Each structure stands twice: as C-alpha cells, then as structure tokens.
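Worksheet: the structure to be examined is printed underneath.
The values are calculated or read from the model by the stated rules, or taken from the named source; none is laboratory data. Predicted, not measured: the structure shown is a model, and the values here were computed from it.
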Amino acid sequence: MLELPKMQPLKARVEDGQIIVEDKSNLPNGEIYVLPVPPEEAHTAELDHELSLSLQEEQSGRLVDFDDVVSTLGPTQ
C-alpha cells in the first residue's frame, strides 16, 4: 500500500454510493489510494461521554427541549 505524506483532510461527498472528492490535490491522476477510516470504536467513547453529559443535564433540569429551540428560530425559507 502506498504511504501518503501527511496532508490536510479532503472534503468529499457521497453520490450514488461513490465518494466524490471536492478538493483539488497535487496527487497524480490514475493512482488508487486507500484512505483509512477510523473504526466506529474511536467515536464510541466520545459519544458515550456526550450522552452521559446530556443525561446529567436532563436530570438537573438544564436540558432544553428540541421543539422549544426550533420554535425560537422562526420560519424556514
């Protein structure tokens, strides 16, 4: 596998099941690169922490209802 030099993250979108990179790069045309995707476990600890904080906010009466927040934003365009 080809090792890529450290570079800025690429901006991409998914279209019809394909990842389309929207940023230009200086990488050669036609080369195939395997881009590592962090495992879901990497996000699990952070998600668990945020859910725990949210539960604490709810239990202390500091949680704001989603519908209340949306109603303060006004009409959508």
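Annotations
- For region 3-29, a residue qualifies if it is modelled with pLDDT under 80 and basic (Lys, Arg), and the qualifying residues are Lys6, Lys11, Lys24.
- Within region 10-31, the set of residues being charged (D, E, K, R) and in a strand (DSSP E or B) comprises Arg13, Glu15.
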